[in-house]
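Enquirer: A single structure is presented below for examination.
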Amino acid sequence: MSVSDLSARQIHHPATAPGENLNLEIVGDGAFTTADMTLSVGPAHPATHGVLRVVLEMDGERVKSAHPVIGYMHRGFEKLAEHRDFRQNMALVNRHDWLSGMTNEIGLALTVERMLEMEVPERAQWIRMLGAEWNRILNHLLFVGSYGLELGAITPMFYATRERERIQYLLESATGGRLHYTYNQPGGVKIDLPKGFLHQSVDLVASMHQRVQDLEDLLLGNEIFIARTKGVGPLPTEVALSYGVSGPTLQATGIPEDVRVSEPYLKYDQVEVPVPVGENGDSWDRFYCLLGRMKASLYIIEQIHDLIPGGPVNVKLPKMVKAPEGATYVRVENPLGSLGYWLESDGGRTPWRLKMRTASFSNVQALPYLLEGTLVPDAISVLGSVFFVVGDVDR
Amino acid sequence: MMDSLLVTSTGLVAQTAGLLDTDTFALSVALKVALVLGLFFVVPLVVGYMEHKAMARLQHRRGPMFAGPAGSLQLVADGIKFLQKEDLIPRAADKWVFAIAPGMALVPAMLIFFVLPLAPGLWAADLELGLFYALAITSISVLGVMMGGWASANKFSLIGGLRAAAQLIAYELPLILAAIAVAVQAGTLSLVGIVESQATFTLAGTDLNLWFVFPQILGFGIFFVAALAELSRPPFDMPIADSELVFGYMTEYTGIKFAMYLLTEYAGMVSMSALMVVLYLGGWQILPGVPLPGCEGAGGLFDCGALGTVIGLGVTMGKILLLTFVMVWLRVAYPRLREDQLQRMSWLVLVPLSLLNLAVVAVAKVVF
């Protein structure tokens, strides 16, 4: 980079407070020039949550430009789905975002049910909500823990892992799976909740409030955490919208968008869904919204406990589920943002086309904007706070 | 007064020759080397074990359990594992520099142990310039880190090495300035002399027997923070920054060379804590003004029996372990600072504060 270039596009570091500016102007006669360096963060790097590669053009420790390179773990889910029937596809969709199996299954189940114009029993819908909210907390716990890890705080990860274990145990008792549940199916859920499930769930919610508070105390109030996240990687609302960013990353920019509220599915119109919002869309706000969503989920679960009715949990399906000819699109709120399934059927027993709109794919697109001009440590802080699962990007 | 104190302290030190100074020169040297090596290879392991266990407690997990009673041999087992591992050198590396870099970091960490007074009469060498020697030696380890980072032919390592150099240079200054204030108050650079002057602390003619941590609490804080940064311990671990730089200057190191860097860190924790104990926490004194059992002379610090020496050693080690525990605690509680925040903290906060501390101490020294 030549000297004139640097002074021409004066880099304002986003981490500095308004009015304050890191002094990056060239001093002296400006004869000192530096060579740029290309640094590949990933595909296997601790901060990329999977095999994402981000190619950074750097001047010293300052990132001049960033290019995410995706596709290292592409598994062709959309094509594979065309060769499996609708019940088999449940096992497939709970794997693209491996941390949110339950919500993914619900998304596809709702899509198929809409195609079939199928009435789902009340209890099944409430059970799905319960599973989805616990799954959401499970997902968020991992990000809360690993975000601390990315900033060098090791303890939150252990706290989060401990709580994840308890939730996984709970969900395992109902579904038999720890990550990949395959619990939902068109027409309801596979089997009813086991005896005592609701009691355990009530107990777990009661203790989780304190656990979430512990994590919040450990990070949100910490001076170093604040210094590392406040004002780092601010995402303006318009930019977020133009990239199709959703979930906590969008809510952090001040938009209370949540599919559960804007287009309620299942019985979300019968419960109160609090939506946390941030102000500046910086790393701190994104993390704050993630924690807020965890608390909101706990609150929703408490309401579900009171409202869940009895009755059957599924409808009897024919041996071969065939969707009628046509197409539909269903959106659900995945833990990381808006998840959509576009299902096109030619009347056969498999989808003719199943297109996924995943939250992580859109969130990752904002990375070049966010990373430009940051320092390497801030790049990591941004990478960790724009919540994505690489499996959900390369599906 | 300063002159008189200097005279008395040197006189006392001359009278109370170290326990290890026997009539036979060779035996004396052997004893001293044995003491230093024993300290160097045992105490860091104890600290490492304590780190494992304390972190496990603070994070609600078990820590090592299987190697030895309650996992106490975990680090020994790790050492054996490191010895067996393949010694890889990257093809593009500068091989000689790469190979000797861990040694450059390790040896200075060991050399500090020669001047640390542990108990009445128990030290390898009481240099007139002990403090100067200790601080000068600590700066050498920068070289080992930088060499490792540069020679690895890895961009993450290079960034880590450069960060380490910038960080260690920045924090050397507040560290030394804080230590100078102690030397001014004690009127000597000898570490034994500094311990002794904390037992004979007088203010305006009154015997106070205060440790230097009380009049110089600010200096102690500065020294502690700077020492933590010198050791690259969290929250100042940017040279390694496992989540950003993979493992910084250590990325390409395997096997025993990696273990040498790790041992350097633990030995550094011990030697820095020991320096803090000597400079601020009264060395082997149990409490301010409380002499060891059976000790006489200079506030009950010297001419001790075997019992006094053993208790003194225990007190010193206890204080060292307490300080290292605080370092572990900070590691568990805090995220990592950013590189520029680290530099700001040193140059804009710690350096001015340590200069202020030095000025206050110097003025007080002249006035009282």
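The values are calculated or read from the model by the stated rules, or taken from the named source; none is laboratory data. This structure is a prediction, so every number in the text was calculated from the model and none was measured. Neighbour counts are summed over all protein chains in view; Cβ atoms, including those assigned to glycine, are modelled from backbone coordinates with ideal geometry. Heavy atoms of the whole protein, side chains included, go into the accessibility calculation; ligands, DNA and RNA do not. Shrake-Rupley method; radii C 1.70, N 1.55, O 1.52, S 1.80 Å.
Enquirer: Return the residues of region B:110-126 that are open to solvent by 10 Å² or more (accessible area, probe 1.4 Å) and either out of contact with any helix residue (DSSP H, G or I) (no Cβ under 7 Å at 6 or more places or on another chain) or in a helix (DSSP H, G or I) (or both); say none if nothing qualifies.
Expert: B:Met110, B:Leu111, B:Phe114
Enquirer: Could you look through region B:305-316, keep only residues that are under 26 Å from the mean Cα position of the chain (by Cα) and open to solvent by less than 50 Å² (accessible area, probe 1.4 Å), and pick out the one that is modelled with the lowest pLDDT?
Expert: So, considering only residues that are under 26 Å from the mean Cα position of the chain (by Cα) and open to solvent by less than 50 Å² (accessible area, probe 1.4 Å), the one modelled with the lowest pLDDT is B:Gly308.
Enquirer: A further question follows. So which residues in region B:195-220 are within 16 Å of the chain's Cα centre (by Cα) and β-branched (Val, Ile, Thr)?
Expert: B:Val195
Enquirer: So, restricting to helices (runs of 4 or more DSSP H) that lie completely within region A:46-154, which ones have at least 1 residues that are within 14 Å of chain B (Cβ to nearest Cβ), in contact (Cβ under 8 Å) with a residue 40 or more places away in the chain and not hydroxyl-bearing (Ser, Thr, Tyr)? If you could, list the steps in order and put the result at the bottom.
Expert: Numbers: elements: A:77-80, A:86-96, A:101-116, A:122-150.
Of the helices (runs of 4 or more DSSP H) lying wholly inside region A:46-154, those with at least 1 residues that are within 14 Å of chain B (Cβ to nearest Cβ), in contact (Cβ under 8 Å) with a residue 40 or more places away in the chain and not hydroxyl-bearing (Ser, Thr, Tyr) span A:122-150.
Enquirer: Still on this model: Report yes if B:Phe223 is open to solvent by less than 10 Å² (accessible area, probe 1.4 Å), part of a helix (DSSP H, G or I) and aromatic (Phe, Trp, Tyr), otherwise no.
Expert: On the way: open to solvent by less than 10 Å² (accessible area, probe 1.4 Å): yes; part of a helix (DSSP H, G or I): yes; aromatic (Phe, Trp, Tyr): yes.
Against the criterion (open to solvent by less than 10 Å² (accessible area, probe 1.4 Å), part of a helix (DSSP H, G or I) and aromatic (Phe, Trp, Tyr)), B:Phe223 qualifies.
Enquirer: With the condition being among the aliphatic types (A, V, I, L, M), within 26 Å of A:Leu307 (Cα to Cα) and open to solvent by less than 40 Å² (accessible area, probe 1.4 Å), I'd like the helices (runs of 4 or more DSSP H) fully within region A:191-275 carrying at least 1 qualifying residues.
Expert: Numbers: elements: A:197-219, A:223-229, A:237-243, A:248-251, A:259-262.
Fully inside region A:191-275 and qualifying: A:197-219, A:259-262.
Enquirer: Here is a follow-up. Just to verify a result, which residue in region B:55-81, among those that are away from chain A (no Cβ under 14 Å) and under 24 Å from the mean Cα position of the chain (by Cα), is most open to solvent (accessible area, probe 1.4 Å)?
Expert: Initially, region B:55-81 is screened for residues away from chain A (no Cβ under 14 Å), giving B:64-81.
The next check asks that each one be under 24 Å from the mean Cα position of the chain (by Cα); those that pass are B:72-76, B:78-79.
On the way: B:Ser72: 48, B:Leu73: 89, B:Gln74: 48, B:Leu75: 34, B:Val76: 66, B:Asp78: 36, B:Gly79: 27 Å².
Only one residue fits best here, namely B:Leu73.
Enquirer: Could you tell me which of the residues B:Leu168, B:Leu135 is touching a residue at least 40 places away in the same chain (Cβ under 8 Å), within 17 Å of the chain's Cα centre (by Cα) and closer than 30 Å to B:Ile89 by Cβ?
Expert: Working: B:Leu135 fails: closer than 30 Å to B:Ile89 by Cβ.
Just a single option satisfies the conditions, and that option is B:Leu168.
Enquirer: Also, quick follow-up: Against the definition (without any contact (Cβ under 8 Å) to a residue 60 or more places away in the chain and assigned to a loop (DSSP other than H, G, I, E, B)), how does B:Asp237 come out, yes or no?
Expert: Numbers: without any contact (Cβ under 8 Å) to a residue 60 or more places away in the chain: no; assigned to a loop (DSSP other than H, G, I, E, B): yes.
Judged against the criteria, B:Asp237 is not a match.
Enquirer: Test B:Asp242 against the criterion of being touching a Pro at 6+ places or on another chain (Cβ under 7 Å), within 14 Å of another protein chain (Cβ to nearest Cβ), of a type outside the set (A, V, I, L, M) and open to solvent by 10 Å² or more (accessible area, probe 1.4 Å), and give yes or no.
Expert: Numbers: touching a Pro at 6+ places or on another chain (Cβ under 7 Å): yes; within 14 Å of another protein chain (Cβ to nearest Cβ): yes; of a type outside the set (A, V, I, L, M): yes; open to solvent by 10 Å² or more (accessible area, probe 1.4 Å): yes.
Yes; evaluated as a whole, the condition is true for this residue.
Enquirer: Determine whether region B:147-155 contains at least one residue that is over 25 Å from B:Met260 (Cα atoms) and part of a helix (DSSP H, G or I).
Expert: From region B:147-155, those over 25 Å from B:Met260 (Cα atoms) are none; that's our starting set.
Scanning region B:147-155, I find no residue that is over 25 Å from B:Met260 (Cα atoms) and part of a helix (DSSP H, G or I), so the answer is no.
Enquirer: Now a separate question. Any idea which residue in region A:163-190 is nearest to A:Ile308 (Cα to Cα), counting only those that are open to solvent by 50 Å² or more (accessible area, probe 1.4 Å) and at pLDDT 90 or above? Spell out how you get there, then give the answer.
Expert: Let us first name the residues in region A:163-190 that are open to solvent by 50 Å² or more (accessible area, probe 1.4 Å), namely A:165-166, A:169, A:172-173, A:176, A:178-180, A:190.
The next check asks that each one be at pLDDT 90 or above; those that pass are A:165-166, A:169, A:172-173.
Numbers: A:Glu165: 25, A:Arg166: 22, A:Tyr169: 21, A:Glu172: 20, A:Ser173: 18 Å.
This residue is A:Ser173.
Enquirer: Is it the case, given these coordinates, that B:Asp237 is within 14 Å of chain A (Cβ to nearest Cβ) and at pLDDT 85 or above? If you could, list the steps in order and put the result at the bottom.
Expert: On the way: within 14 Å of chain A (Cβ to nearest Cβ): yes; at pLDDT 85 or above: yes.
Taking the combined requirement at face value, the residue satisfies it.
Per-residue answers, yes or no, for (1) within 27 Å of A:Thr161 (Cα to Cα); (2) in contact with a strand residue (DSSP E or B) (Cβ under 8 Å, 6 or more places away or on another chain):
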site: A:Leu220; (1), (2): yes, no
site: A:Ala227; (1), (2): yes, no
site: A:Lys230; (1), (2): yes, no
site: A:Leu241; (1), (2): no, no
site: A:Gly247; (1), (2): yes, yes
site: A:Tyr288; (1), (2): yes, no
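Enquirer: Right, another one. Can you name the condition, by its number, that A:Asn139 falls short on among (1) open to solvent by 10 Å² or more (accessible area, probe 1.4 Å); (2) at pLDDT 90 or above; (3) under 30 Å from B:Glu244 (Cα atoms)?
Expert: Answer for A:Asn139: the failing condition is (1).
Enquirer: What number goes with the only condition from (1) of a type in the set (A, V, I, L, M, F, W, C); (2) surrounded by fewer than 22 Cβ atoms within 10 Å (Cβ to Cβ); (3) assigned to a loop (DSSP other than H, G, I, E, B) that B:Ile180 does not pass?
Expert: With (1) of a type in the set (A, V, I, L, M, F, W, C); (2) surrounded by fewer than 22 Cβ atoms within 10 Å (Cβ to Cβ); (3) assigned to a loop (DSSP other than H, G, I, E, B) applied to B:Ile180, the lone miss is (3).
Enquirer: Give the residues of region B:215-233 that are touching a residue at least 12 places away in the same chain (Cβ under 8 Å) and either in contact with a strand residue (DSSP E or B) (Cβ under 6 Å, 6 or more places away or on another chain) or over 19 Å from B:Thr138 (Cβ atoms) (or both), sorted by residue number. Give the derivation first.
Expert: Step one: of region B:215-233, the residues touching a residue at least 12 places away in the same chain (Cβ under 8 Å) are B:215-216, B:218-220, B:222-233.
Selection gives B:Pro215, B:Gln216, B:Leu218.
Enquirer: Looking at this structure, is A:Arg293 in a loop (DSSP other than H, G, I, E, B) and farther than 22 Å from A:Ser242 by Cβ? Walk me through how you get there before you give the answer.
Expert: Working: in a loop (DSSP other than H, G, I, E, B): no; farther than 22 Å from A:Ser242 by Cβ: yes.
Here the answer is no, as A:Arg293 does not meet what is asked.
Enquirer: Determine if region B:323-338 includes at least one residue that is open to solvent by less than 30 Å² (accessible area, probe 1.4 Å), touching a Lys or Arg at 6+ places or on another chain (Cβ under 7 Å) and closer than 20 Å to B:Ser271 by Cβ.
Expert: yes
Enquirer: Right, something else. Would you confirm, using the coordinates I've provided, whether B:Leu210 is part of a loop (DSSP other than H, G, I, E, B), open to solvent by 10 Å² or more (accessible area, probe 1.4 Å), away from chain A (no Cβ under 14 Å) and over 22 Å from B:Ile140 (Cβ atoms)? Steps first, answer last, please.
Expert: Details: part of a loop (DSSP other than H, G, I, E, B): yes; open to solvent by 10 Å² or more (accessible area, probe 1.4 Å): yes; away from chain A (no Cβ under 14 Å): yes; over 22 Å from B:Ile140 (Cβ atoms): yes.
Yes: the conditions hold for B:Leu210.
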